[in-house]
Each structure stands twice: as C-alpha cells, then as structure tokens.
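The values are calculated or read from the model by the stated rules, or taken from the named source; none is laboratory data. Computed from a predicted model, the values in this text were never measured in an experiment. Using ideal geometry, Cβ is built from the backbone for each residue, glycine included, and neighbour counts are taken over all protein chains shown. Protein only, heavy atoms only, side chains kept; ligands, DNA and RNA dropped before computing areas. Shrake-Rupley method; radii C 1.70, N 1.55, O 1.52, S 1.80 Å.
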Amino acid sequence: MIGMFDRDNSGTINFQEFQSLWKYVTDWQNTFRSYDRDNSGSIDKNELKTALTSFGYRLSDRFYDILVRKFDRQGRGTVAFDDFIQCCVVIQTLTRSFQAYDTNKNGWIQIGYEQFLTLVFALKS
C-alpha cells in the first residue's frame with residue numbers, strides 16, 4: 001500500500017502521503033464494517049456478494065466461492081479486512097484491464113493468448 005501513496009517514488013512516504021494512506025485505510029475500514037453485518041470481523045460469501053453487488057459487479061455464486069477461497073488466508077471460509085481490500089482492488093484492476101479490450105462495452109472480449117498474458121502481467125499490484 002505504501003507504494004500506492006509514494007507519489008515521488010522515493011520508497012518512503014512523507015507526512016502528506018501518510019495522511020492520504022490513512023484516509024484510504026479508514027475509508028476501507030468503514031466500508032468493510034458496513035458489510036460485516038454480523039460484526040464478526042470478517043466478511044462471508046453473502047456479505048462479499050452484497051458488497052460487490054453494491055459496487056456494481058454482477059457475478060455468479062460460483063465465482064464468489066472462488067473469491068472467498070482465493071482471499072481467505074486463514075482458512076475459515078471468510079475474508080479478513082486486509083484481504084477484503086486486496087480482493088476489491090484486484091477486481092477493480094482486472095475490470096479496468098478488461099474494459100480496455102471491451103470496445104463494444106458488452107462484457108465480452110476476444111483476445112489471443114499472448115494478449116491475455118500481457119494484460120495480466122502488465123497489471124500493477
């Protein structure tokens with residue numbers, strides 16, 4: 001996350017950059033809490049689905065199972081706060097990359113294997 005807010009690419013963040021980072025984390029924390037309906041401190045599949053649907057994503061239940069498995073580092077079938085942020089940022093980043101190829105804006109793209117690899121490996125993490 002520090003890399004996201006290191007505006008001058010110095011490898012560190014100054015006070016203003018830290019303030020931006022702090023606001024970013026606080027905003028995510030408030031978002032996380034609003035979808036953690038049972039106040040368990042983690043997001044289950046249904047809470048994740050509610051959150052991402054409210055962000056405009058329309059995904060299958062099967063895909064939510066995949067997301068929970070991918071971002072559940074504790075093996076509890078839920079997603080912790082920091083993993084929730086990572087999940088949302090990854091989905092947003094992948095969506096932007098996909099949209100660059102979705103010239104008809106219909107949710108479908110046709111790309112070759114090397115284009116796909118380029119799309120994935122060119123992503124900023």
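Among the residues making up segment 47-60, those that are surrounded by 13 or more Cβ atoms within 10 Å (Cβ to Cβ) and not in a loop (DSSP other than H, G, I, E, B) are GLU47, LEU48, LYS49, THR50, ALA51, LEU52. The listed residues are ILE66, ILE43, and the only one of them that is closer than 24 Å to LEU123 by Cβ and open to solvent by less than 50 Å² (accessible area, probe 1.4 Å) turns out to be ILE43.
From the list ARG33, ARG37, the lone residue that is surrounded by 12 or more Cβ atoms within 10 Å (Cβ to Cβ), basic (Lys, Arg) and assigned to a helix (DSSP H, G or I) is ARG33. Taking segment 12-26 as the range and being loosely packed, with under 11 Cβ neighbours inside 10 Å and assigned to a helix (DSSP H, G or I) as the test, the residues that pass are PHE15, GLN16, THR26. Residues in segment 103-115: is at least one open to solvent by 60 Å² or more (accessible area, probe 1.4 Å), of a type in the set (Asp, Glu), more than 21 Å from SER40 (Cα to Cα) and assigned to a helix (DSSP H, G or I)? There is at least one residue in segment 103-115 that is open to solvent by 60 Å² or more (accessible area, probe 1.4 Å), of a type in the set (Asp, Glu), more than 21 Å from SER40 (Cα to Cα) and assigned to a helix (DSSP H, G or I).
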